[in-house]
Amino acid sequence: MCAAIAYASGRSQGAIYIGRGADLGLPNRQQGPPASMEPGDPERMKRRYDLLYALGTLVSSPILLLGLLRTGKWRTDWRGRFGRTEPLPEDPRSTLLIHGVSVGEINATRELVARLISPESPPVRVVISATTNTGFARAQELYGESIPVVRFPFDFSWMVTRFFDAVRPDAVALMELEVWPNLAQVCRIRGIPLGVINGRLSEASFKHYRWARPVVRSMFRALSIVGAQTEEYAGRFQALGTPRDRLTVTDTMKWDTARLADEVEGAEALRLAMGIDPGRPLVVAGSTGPGEEEILLAGKPEGVQLMLVPRKPERFDEVGRLAPGAVRRSQRPDGSRGEGDPDAGEIFLLDTMGELTKAFALADVAIVGRSFVPLGGSDPIEAIALGKATIIGPHHDNFQDVVSAFAEEGGIRITSRPMEDAQALLNDDEARERMGEAGRGVIRRRKGATERNVRLLHTLLEGRMRTSVRGRGPGGWGRARRWLFRALLVYFLAGYLTTAFRWVPAEAGDPTRRPLPSTAGEVLSGVFSVHTDRSHDALGTREDVAAAASRAGLDFVVIGDHPPDDRKPGWEFWEPVILDGVLVEGGQELRSPEAGKVLAVGVDTTYKQWQGDYDSFARMLIREGATSFVVHGRGPRGSERWVNPTVEAVDGWEVLDISEFARHRLRGFWALYHGLTLVVGTPLGLGDEALRHLMREGFDTPTVAAYDSVRAQGRLTATAGLNVHPKIRIGPFLLPSYRPPFRTLITHISVHGAYSPDPHRASYALMDGAREGNAFVSVGGGEVAKRFRMGAVTDGGVAATMGSWSPLAPGLRLRAGIQGGGQGRLLYRILRDGREVGWFRGPELEWPAPGPGVYRVEVYIYSARVGNLFLRLKPWIFANPVEVI
């Protein structure tokens with residue numbers, strides 16, 4: 001709640017309470033404050049919420065800022081979000097503020113507003129507010145100049161207060177839910193009745209609120225009325241604190257907003273603009289979410305046209321990359337196909353807002369997204385109202401009642417194989433027609449919720465009472481709170497600046513004349529040294545690891561368990577296996593008292609501590625045919641350091657270790673800043689971004705192992721050592737989870753030939769590639785990083801690739817870059833024998849090697865620069881070294 005700073009509610013001012021009677025828990029004029037008010041000091045409560053919001057905002061500011069920049073949401077009405085709304089003119093009528101978060105809630109207000117402002121209705125001034133950019137734009141489109149449209153502010157008390165000063169509402173109605181603590185407190189102080197109409201409280205939201213029930217109980221008790229969509233939702237409101245006598249089951253207003261039509265204006269123009277062939281079947285997948293487009297594209301039957309309509313505009317380009325040949329609506333804004341454009345293919349991407357209804361009108365079969373992955377589902381009513389045979393996935397929890405009503409009458413099909421069912425419907429015209437008519441029949445019978453909600457709002461607005469509640473002036477605590485807030489602001493701002501800017505003496509790189517070194521086969525991406533519940537300190541299973549790796553887009557995972565005993569009862573060596581498309585290889589962490597720790601792969605023994613000397617330890621590894629890597633090469637605990645000066649039988653060095661990065665960062669002055677950024681980022685689904693932020697400060701740390709200063713018989717292999725140890729299981733979730741590290745530190749290894757589907761062959765190829773040392777580690781950016789190439793080149797070709805060596809020769813140059821391009825602002829750091837040689841700026845690197853030594857290249861990404869001052873300079877790639885002799 002605090003970290004999101006909440007796209008929330010309004011502001012407060014001399015309030016206007018409007019009440020009617022005990023049946024809704026509303027006071028009459030003579031009764032004083034509303035019955036919903038609980039004992040306690042609302043001003044103190046506001047201060048507490050403000051402090052929580054401020055702390056969460058400051059801590060998560062880098063994460064939130066990155067999200068705003070990445071999605072483009074920084075382009076918004078910041079003045080309105082801070083509560084600075086232009087005052088509305090005086091009006092003798094009562095003012096009703098109706099608030100909807102985004103497009104869906106705003107669309108649901110259409111019939112409601114039409115009835116409220118009709119001549120037959122009692123006079124009322126309706127004001128519409130919205131939170132998101134898309135919701136605000138939709139409200140302006142629907143109501144224009146006829147009804148005031150305002151931006152709803154963040155839920156800081158002073159912002160809500162300013163907002164209420166400008167709007168002066170007599171009552172506030174929230175669409176579906178969207179109630180916030182300070183909004184409720186300001187309404188309570190001013191005696192403004194606060195209600196929820198078309199109320200919906202999903203199972204997931206209910207669980208979250210139950211966790212914070214002591215905090216949110218007063219918020220739900222402040223509701224004067226709730227018009228809930230279902231009896232189940234009403235029960236959830238009651239469980240969170242809303243008195244039962246203020247709850248009414250009204251059904252959902254979306255039944256009333258559904259347009260029962262056979263044609264939609266603009267649909268034919270959309271078809272012509274995108275080149276959709278009316279002679280071939282068209283499937284429209286609306287409001288899709290991450291992971292669903294892949295399912296739809298993979299299952300698309302031959303000859304069937306498919307239109308993808310992502311729910312969020314920030315995903316348009318992502319989906320475009322999944323379907324590179326798709327016809328994009330944004331490329332044809334004027335309705336023209338363009339000169340010389342051949343007939344459109346079979347894939348279309350509707351990457352504009354507000355045209356989903358037109359798309360559904362063109363469809364032969366409609367698919368409702370966010371339901372084939374666990375995202376709660378989307379509303380199927382719009383497509384069914386157009387008479388379309390409609391398919392939805394099994395994850396439709398947010399619309400359970402609506403989907404059940406359609407399913408009981410045969411008006412919708414629930415499936416986990418959308419394209420197979422779509423093909424079956426396309427082959428059966430009668431079935432499609434029956435589904436469409438059955439669905440429309442359900443809509444006709446369920447209409448009426450809007451009228452019931454209108455009656456609730458009229459009840460809310462029947463009387464008017466103004467209360468004047470003065471807050472206490474700032475005392476000693478108020479002054480201390482302001483100084484504490486300022487100190488925290490300065491601390492976290494300074495903490496951000498220490499990682500946001502970096503001065504680097506970078507030079508412009510030489511012009512590139514030689515091609516990049518190419519790989520002999522495929523580049524595989526994965527991670528090493530991951531622990532499961534077969535270790536003494538972890539809870540995840542091998543299946544958990546594979547599922548997380550698959551979601552992160554990895555090719556392999558090497559598990560490095562370290563059982564506490566010689567051999568656990570029933571413990572068997574894990575053979576390589578492919579799960580969820582990921583090669584999962586079993587390894588073990590072994591330790592020699594004289595040498596340190598290694599991760600051994602292909603060793604059928606489970607010693608946590610080797611009792612013999614180092615020579616016998618090395619002979620055991622050789623005898624078992626092990627591929628082995630140093631673990632915790634420079635770990636903070638002395639027992640985990642690699643102390644032996646030779647590396648016989650050990651084929652690599654661990655390069656990066658997330659756990660050691662965290663320890664290093666959390667020891668310094670900015671420990672609070674770094675720690676809370678990590679804690680706040682992970683629950684918001686930004687754990688990988690938080691980890692990368694943690695790594696950005698400083699470059700020379702103990703977490704970068706000495707793989708460029710120690711050379712012996714074996715080649716060095718860069719590996720990403722994760723040491724992920726989930727400690728807690730809550731339902732299906734592991735905390736901390738595997739996925740953020742899997743998306744953060746990624747090892748890339750070049751293997752010969754194609755990647756075999758046989759797990760044993762794939763394992764052999766992976767370990768051969770690791771032993772050859774043509775490998776590097778990326779900090780995020782896995783798909784682009786796969787195309788990184790580095791080596792030593794001469795006029796005659798490639799002299800050495802990563803992990804190998806080359807004799808010094810005239811014209812020998814280090815060459816590095818991204819094969820095929822595709823990455824913008826890059827900075828290359830060159831090290832020779834572990835010491836920095838220089839920084840070079842440019843899309844690719846070509847640099848003359850002046851003499852013998854072990855040369856390594858690091859690649860950094862930056863957002864902007866002024867001279868040698870770089871903004872958001874982040875480590876990206878750590879390459880295996882090339883030795884020049």
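The values are calculated or read from the model by the stated rules, or taken from the named source; none is laboratory data. What you see is a predicted model; the values in this text were computed from it and never measured. Glycine gets a Cβ as well: all are built from the backbone with ideal geometry, and neighbour counts include every protein chain shown. Heads up: the accessible areas ignore ligands, DNA and RNA and are worked out on the full protein's heavy atoms, side chains in. Shrake-Rupley method; radii C 1.70, N 1.55, O 1.52, S 1.80 Å.
Selection over the stretch 97-129 of residues that are crowded, with 18+ Cβ neighbours inside 10 Å, in a helix (DSSP H, G or I) and aliphatic (A, V, I, L, M) gives a count of 5. Give me the pairs: first residue in the stretch 412-434 and of a type in the set (Gly, Ala, Ser), second residue in a loop (DSSP other than H, G, I, E, B) and loosely packed, with under 15 Cβ neighbours inside 10 Å, beta-carbon distance under 7 Å, and six or more apart or on different chains, which are they? Once the first residue is of a type in the set (Gly, Ala, Ser) and sits in the stretch 412-434, its partners that are in a loop (DSSP other than H, G, I, E, B) and loosely packed, with under 15 Cβ neighbours inside 10 Å give SER416/PRO394.
Which members of the stretch 823-834 meet the condition of being more than 14 Å from ASN868 (Cβ to Cβ) and open to solvent by 70 Å² or more (accessible area, probe 1.4 Å)? Outline the logic, then answer.
Of the residues in the stretch 823-834, the ones more than 14 Å from ASN868 (Cβ to Cβ) are 823-824, 826, 828, 830-834.
Passing the criteria: only ARG832.
Among the numbered conditions (1) modelled with pLDDT under 85; (2) among the hydrophobic types (A, V, I, L, M, F, W, C); (3) under 24 Å from ILE106 (Cβ atoms); (4) assigned to a helix (DSSP H, G or I), the only one that VAL215 does not meet is (3). Against the criterion of being open to solvent by 30 Å² or more (accessible area, probe 1.4 Å) and modelled with pLDDT of 95 or more, ARG445 does not qualify.
A count restricted to the stretch 754-790 and to residues that are on the phi > 0 side of the Ramachandran plot and touching a Ser or Thr at 6+ places or on another chain (Cβ under 9 Å) stands at 2. Here ARG190 meets each of (1) closer than 20 Å to ILE225 by Cβ; (2) surrounded by 24 or more Cβ atoms within 10 Å (Cβ to Cβ) with one exception, condition (2).
Kindly establish whether VAL837 is in a strand (DSSP E or B), at pLDDT 90 or above, β-branched (Val, Ile, Thr) and open to solvent by 40 Å² or more (accessible area, probe 1.4 Å). Write out each step before concluding.
Working: in a strand (DSSP E or B): yes; at pLDDT 90 or above: yes; β-branched (Val, Ile, Thr): yes; open to solvent by 40 Å² or more (accessible area, probe 1.4 Å): yes.
Taking the combined requirement at face value, the residue satisfies it.
Scanning the stretch 234-246 for residues that are within 25 Å of VAL186 (Cβ to Cβ), open to solvent by less than 20 Å² (accessible area, probe 1.4 Å) and not charged (D, E, K, R) returns PHE237, LEU240, GLY241, THR242. Taking HIS458 and the conditions (1) within 22 Å of THR230 (Cα to Cα); (2) within 36 Å of the chain's Cα centre (by Cα), which numbered condition does it fall short on, given that it satisfies the others? So the condition that HIS458 fails would be (2).
Residues satisfying the criterion are present in the stretch 309-328 (criterion: within 19 Å of ILE392 (Cβ to Cβ) and either loosely packed, with under 13 Cβ neighbours inside 10 Å or hydrophobic (A, V, I, L, M, F, W, C) (or both)). For the stretch 803-819, filtered to residues that are in contact with an Asp or Glu (Cβ under 9 Å, 6 or more places away or on another chain) and either closer than 16 Å to LEU516 by Cβ or of a type in the set (S, T, N, Q) (or both), the residue that is modelled with the lowest pLDDT is SER804. Evaluation of ALA363 against the conditions (1) open to solvent by less than 10 Å² (accessible area, probe 1.4 Å); (2) farther than 19 Å from VAL103 by Cα; (3) at pLDDT below 95; (4) of a type outside the set (Asp, Glu) shows that the sole unmet condition is (3). I'd like to check something: does the stretch 198-207 contain any residue that is free of Cβ contacts under 8 Å to residues at least 12 places away in the same chain and outside any loop (DSSP other than H, G, I, E, B)? Yes, the conditions are met somewhere in the stretch 198-207. Is at least one residue of the stretch 800-820 open to solvent by 10 Å² or more (accessible area, probe 1.4 Å) and under 31 Å from the mean Cα position of the chain (by Cα)? Yes: the stretch 800-820 contains one or more residues that are open to solvent by 10 Å² or more (accessible area, probe 1.4 Å) and under 31 Å from the mean Cα position of the chain (by Cα). Taking the conditions (1) open to solvent by less than 20 Å² (accessible area, probe 1.4 Å); (2) in contact with a helix residue (DSSP H, G or I) (Cβ under 9 Å, 6 or more places away or on another chain); (3) closer than 17 Å to THR519 by Cα; (4) not aliphatic (A, V, I, L, M) in turn, GLY780 satisfies each one other than (3). Set side by side, the residues ASP351, ASP401 differ, and just one is in contact (Cβ under 8 Å) with a residue 12 or more places away in the chain and part of a loop (DSSP other than H, G, I, E, B), which is ASP351. Among the residues of the stretch 292-308, write down those that are touching a helix residue (DSSP H, G or I) at 6+ places or on another chain (Cβ under 8 Å) and either in a loop (DSSP other than H, G, I, E, B) or open to solvent by less than 10 Å² (accessible area, probe 1.4 Å) (or both). Result: GLU293, LEU296, LYS300, PRO301, VAL304, LEU306, MET307, LEU308. Applying the set (1) of a type outside the set (D, E, K, R); (2) at positive phi; (3) open to solvent by 10 Å² or more (accessible area, probe 1.4 Å) to SER529 leaves exactly one unmet item: (3).
Scan ARG259, ARG221 and give me the residue that is more than 32 Å from the chain's Cα centre (by Cα), open to solvent by 50 Å² or more (accessible area, probe 1.4 Å) and modelled with pLDDT under 85.
Within the list ARG259, ARG221, the selection yields ARG259.
If I filter the stretch 405-413 for residues that are more than 20 Å from PRO310 (Cβ to Cβ), of a type in the set (Asp, Glu) and not in a strand (DSSP E or B), do I get at least one hit? Yes: the stretch 405-413 contains one or more residues that are more than 20 Å from PRO310 (Cβ to Cβ), of a type in the set (Asp, Glu) and not in a strand (DSSP E or B).
Quick check: anything in the stretch 739-757 in contact with a strand residue (DSSP E or B) (Cβ under 6 Å, 6 or more places away or on another chain), surrounded by fewer than 23 Cβ atoms within 10 Å (Cβ to Cβ), farther than 30 Å from GLY625 by Cβ and not β-branched (Val, Ile, Thr)? No, the stretch 739-757 contains no residue that is in contact with a strand residue (DSSP E or B) (Cβ under 6 Å, 6 or more places away or on another chain), surrounded by fewer than 23 Cβ atoms within 10 Å (Cβ to Cβ), farther than 30 Å from GLY625 by Cβ and not β-branched (Val, Ile, Thr). Determine whether ARG332 is over 30 Å from GLY411 (Cβ atoms), in contact with a helix residue (DSSP H, G or I) (Cβ under 8 Å, 6 or more places away or on another chain) and at pLDDT 90 or above. So ARG332 does not fit the description; no.
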